[in-house]
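Q: The structure is given below, and queries will be raised subsequently.
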Amino acid sequence: MSEELLRELRRKWLPIYVLLLLSLVFVLLHLAVNYMNTGNTTYVNWAIPVVFFALYTAYALSKLLRTRIPVYHYYRVIKCAKCGYEITEEIKEGDYLFREHGECPKCSGVLLVSKIYRKKSLRGVL
Amino acid sequence: MDQGSFLDAIIWFVMLTILFYLNREIEIMRLVSEIERYLRLYKATRDKALNATLSGFKALVARQEKGKVDVKKLEDKVNALIEFALIIPVSLDPYGIVRKLKHLLLSSEEALKDELRRLAPKATDAEIENLLNMLGATRLLNQIYKAVDHIYRIGRKFKSIWILMQLNAQLPFVTEEVRALEGAVEAFSKGLPIGDSVGPIVAAKLLHEYNALKVIEPVEHTVVGGFEFEGREVIVIKAKGPGGSTGRIDDALRWVLNRYKADVNAIITVDAALKLEGEESGMVVEGFGVAMGGLGVERFNIEKIATEYGIPLYAVLIKMSEEEAFSVVDEKLYDSVDKAISIIKRTIEDRIPEGGRVIVIGVGNTVGVYP
């Protein structure tokens, strides 16, 4: 789908999730320290929903970090029909299949663009 | 044991009703948010395609008019072209519907091309065809976005969970189509071959492999070439490239049959076909009939011509997803092209007698494929 939109969504949510998770961990530590100092179980009662919320945030963050955005590269294969010599390189503007591409450096035969294709690679979040 | 009062029962009943109501409301909220997410993606894709189409026009016009481009006028024109409607002929009396449809398609295509030529008078035929295809893909993306948005708004307006659920169930299929069209805009803007071009690639590869030097254009946007293979004459028909065109295959077939007085032993069509989710991309399948998609006008005519002269119809299909069919061709599909060629050769050897004649038609969009 529209890669720009995915990137935008990712940019928007990544710092929010990180900050939220850090804050929740900080609150959790604060509650734990208070409980250890006072022995008051109210801190534990508050800690339970905070743990669940922190776990959910961590899950959402990990899902976001696992997002892979496809990046496409375009290549052409130039081949000599006579001797089979071939080279693969990135496409140039105006390329099309079976376009003549000069002389073969090995046998002086005619070079043709025999393949034009797209290769997909996946890029991570960071 | 305390059985509870009548009031308790009433409270329990009211709570249950509220719970049911809330459950339905939450479900509507969930559906609305999911559909809105899809709609945002469709809108972004439509806008991206529109920008790419506009950039294509601007670049072409700027190149010809040396930088002097009336951007506002151009944008208005492109926006108007994206909104144009094609009204399918009335089919209450189906007699002659195919001819009417063909006339409508050809005349609308010509009118659009003329419009584009007026905008960019010095553009080549290939550039005009690629722009026309980009415009077509953008127009479809616009229509999809508007149609989904319409159903969503109706569903929300009447708070109809059923309309929203039906729309939500359709969205994965719609998204497949949107992805495919997004890939098409990119491919046509660069003028590179797409998955649907496998038919023309097979035809062009055969012509190159057997040095069919004399390739003619007897019918507009369609080329015909011939060569000899194992004592049989092979006539190849394909749309004329490297512009994005599907040609006028039926008219070219009629021309070839008239020229050879219908002395043809078989017609073999090669085309891309949509794979099912469990099938592998690039799978090559043999069959009988005409391998050809679209509205069915050309397929109807080819079937009619073949029936008229009693010529057997063989088909070779290369399976791929909708996204692959409209995006720049994948490397592994070239292996399928070779497989399809070997199947065609085997079919000719097995089913066509020596001294016979066969027509091979490379069906599909020939963008980025020469000749």
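The values are calculated or read from the model by the stated rules, or taken from the named source; none is laboratory data. This one's a predicted model, so the numbers in the text were calculated from it and none came from an experiment. Using ideal geometry, Cβ is built from the backbone for each residue, glycine included, and neighbour counts are taken over all protein chains shown.
Q: Given the condition closer than 17 Å to B:Q143 by Cβ, surrounded by 13 or more Cβ atoms within 10 Å (Cβ to Cβ) and out of contact with any Gly (no Cβ under 9 Å at 6 or more places or on another chain), answer yes or no: does some residue in the stretch B:81-89 qualify?
A: Checked against the condition, which is being closer than 17 Å to B:Q143 by Cβ, surrounded by 13 or more Cβ atoms within 10 Å (Cβ to Cβ) and out of contact with any Gly (no Cβ under 9 Å at 6 or more places or on another chain), the stretch B:81-89 yields at least one hit.
One line per residue, one yes/no per condition, for (1) within 14 Å of another protein chain (Cβ to nearest Cβ); (2) surrounded by 10 or more Cβ atoms within 10 Å (Cβ to Cβ); (3) without any contact (Cβ under 8 Å) to a residue 24 or more places away in the chain:
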position	(1), (2), (3)
B:R40	yes, yes, yes
B:R46	yes, yes, no
B:V71	no, yes, yes
B:L74	no, yes, no
B:R99	no, yes, yes
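Q: Sticking with this structure for a sec: Considering only the stretch B:346-371, state which residues are surrounded by 16 or more Cβ atoms within 10 Å (Cβ to Cβ) and charged (D, E, K, R).
A: B:R357
Q: Would you say B:I161 is at pLDDT below 95, more than 14 Å from chain A (Cβ to nearest Cβ) and under 30 Å from B:L106 (Cβ atoms)?
A: Taking the combined requirement at face value, the residue does not satisfy it.
Q: Within the stretch B:270-289, can you find the residues that are part of a strand (DSSP E or B) and touching a Lys or Arg at 6+ places or on another chain (Cβ under 9 Å)?
A: Matches in the stretch B:270-289: B:A272, B:A273, B:L274, B:V284, B:V285.
Q: Further question: Can you find a residue in the stretch A:71-80 that is surrounded by fewer than 13 Cβ atoms within 10 Å (Cβ to Cβ) and away from chain B (no Cβ under 14 Å)?
A: The answer is no; no qualifying residue exists.
Q: Is it the case, given these coordinates, that B:E228 is over 24 Å from the mean Cα position of the chain (by Cα), of a type in the set (D, E) and within 12 Å of another protein chain (Cβ to nearest Cβ)?
A: no
Q: Select from the stretch B:306-321 the residues that are crowded, with 17+ Cβ neighbours inside 10 Å and either more than 14 Å from chain A (Cβ to nearest Cβ) or part of a strand (DSSP E or B) (or both) and list them in ascending order.
A: Of everything in the stretch B:306-321, those that are crowded, with 17+ Cβ neighbours inside 10 Å and either more than 14 Å from chain A (Cβ to nearest Cβ) or part of a strand (DSSP E or B) (or both) turn out to be B:A306, B:I311, B:L313, B:Y314, B:A315, B:V316, B:L317, B:I318, B:K319, B:M320.
Q: Look at B:N133 and say whether it is surrounded by fewer than 16 Cβ atoms within 10 Å (Cβ to Cβ) and at pLDDT 90 or above.
A: no
Q: Related question: With the checklist (1) of a type in the set (V, I, T); (2) outside any helix (DSSP H, G or I); (3) crowded, with 24+ Cβ neighbours inside 10 Å in hand, flag the one item B:V202 doesn't pass.
A: For B:V202, the exception is condition (2).
Each row is one residue, and each column tells you yes or no for (1) at pLDDT below 95; (2) on the phi < 0 side of the Ramachandran plot.
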position: B:G282; (1), (2): yes, no
position: B:G294; (1), (2): yes, no
position: B:V316; (1), (2): no, yes
position: B:K319; (1), (2): no, yes
position: B:V328; (1), (2): yes, yes
position: B:D335; (1), (2): yes, yes
position: B:S342; (1), (2): no, yes
position: B:G368; (1), (2): yes, no
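Q: Looking only at residues in the stretch B:88-104 that are charged (D, E, K, R) and in a helix (DSSP H, G or I), which one is nearest to B:R248 (Cα to Cα)?
A: Going through the qualifying residues, I end up with B:K102.
For (1) among the β-branched types (V, I, T); (2) at pLDDT 90 or above; (3) under 27 Å from the mean Cα position of the chain (by Cα), each residue gets a yes or a no:
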{"site": "B:N23", "(1), (2), (3)": "no, yes, no"}
{"site": "B:V32", "(1), (2), (3)": "yes, yes, no"}
{"site": "B:Y42", "(1), (2), (3)": "no, yes, yes"}
{"site": "B:L50", "(1), (2), (3)": "no, yes, yes"}
{"site": "B:G56", "(1), (2), (3)": "no, no, yes"}
{"site": "B:K72", "(1), (2), (3)": "no, no, no"}
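Q: Of a type in the set (S, T, Y) and in contact (Cβ under 8 Å) with a residue 12 or more places away in the chain - does that describe any residue in the stretch B:154-165?
A: No, there is no match, as no residue in the stretch B:154-165 is of a type in the set (S, T, Y) and in contact (Cβ under 8 Å) with a residue 12 or more places away in the chain.
Q: Against the condition within 14 Å of another protein chain (Cβ to nearest Cβ) and either within 26 Å of the chain's Cα centre (by Cα) or in a strand (DSSP E or B) (or both), how does A:L21 come out, does it pass?
A: So A:L21 does not fit the description; no.
Q: Report, by residue number, each residue of the stretch A:81-126 that is within 36 Å of the chain's Cα centre (by Cα), part of a loop (DSSP other than H, G, I, E, B) and facing chain B (nearest Cβ under 9 Å).
A: A:I91, A:E93, A:G94, A:D95, A:Y96, A:F98, A:R99
Q: Hey, could you check the stretch B:262-280 for residues that are closer than 18 Å to B:G364 by Cα and crowded, with 17+ Cβ neighbours inside 10 Å and say which is farthest from the chain's Cα centre (by Cα)?
A: For the stretch B:262-280, the residue satisfying everything is B:I267.
Q: Has the stretch B:12-19 got any residue that is in contact (Cβ under 8 Å) with a residue 24 or more places away in the chain and either in a helix (DSSP H, G or I) or at positive phi (or both)?
A: No: the stretch B:12-19 contains no residue that is in contact (Cβ under 8 Å) with a residue 24 or more places away in the chain and either in a helix (DSSP H, G or I) or at positive phi (or both).
Q: Kindly check whether there is at least one residue in the stretch B:107-114 that is basic (K, R) and surrounded by 13 or more Cβ atoms within 10 Å (Cβ to Cβ).
A: Checked against the condition, which is being basic (K, R) and surrounded by 13 or more Cβ atoms within 10 Å (Cβ to Cβ), the stretch B:107-114 yields at least one hit.
Q: Restrict the check to the stretch A:59-67 and report whether at least one residue is touching a Gly at 6+ places or on another chain (Cβ under 9 Å) and facing chain B (nearest Cβ under 10 Å).
A: Taking every residue of the stretch A:59-67 in turn, none turns out to be touching a Gly at 6+ places or on another chain (Cβ under 9 Å) and facing chain B (nearest Cβ under 10 Å).
Q: Ok, one more. Conditions: (1) outside any helix (DSSP H, G or I); (2) aliphatic (A, V, I, L, M); (3) modelled with pLDDT of 90 or more; (4) more than 19 Å from the chain's Cα centre (by Cα). B:A123 meets all but one. Number of the miss?
A: The number of the failed condition is (3).
Q: Sticking with this one: Give the stretch B:203-222 a look and list any residue that's within 23 Å of B:N130 (Cβ to Cβ), within 12 Å of another protein chain (Cβ to nearest Cβ) and in contact with a strand residue (DSSP E or B) (Cβ under 6 Å, 6 or more places away or on another chain), or say none.
A: Passing the criteria: B:A203, B:A204, B:L207, B:V215.
Q: Select from the stretch B:323-371 the residues that are of a type in the set (A, V, I, L, M, F, W, C), in a helix (DSSP H, G or I) and within 24 Å of B:R254 (Cβ to Cβ) and write down the one among them that is farthest from the other protein chains (Cβ to nearest Cβ).
A: B:I348
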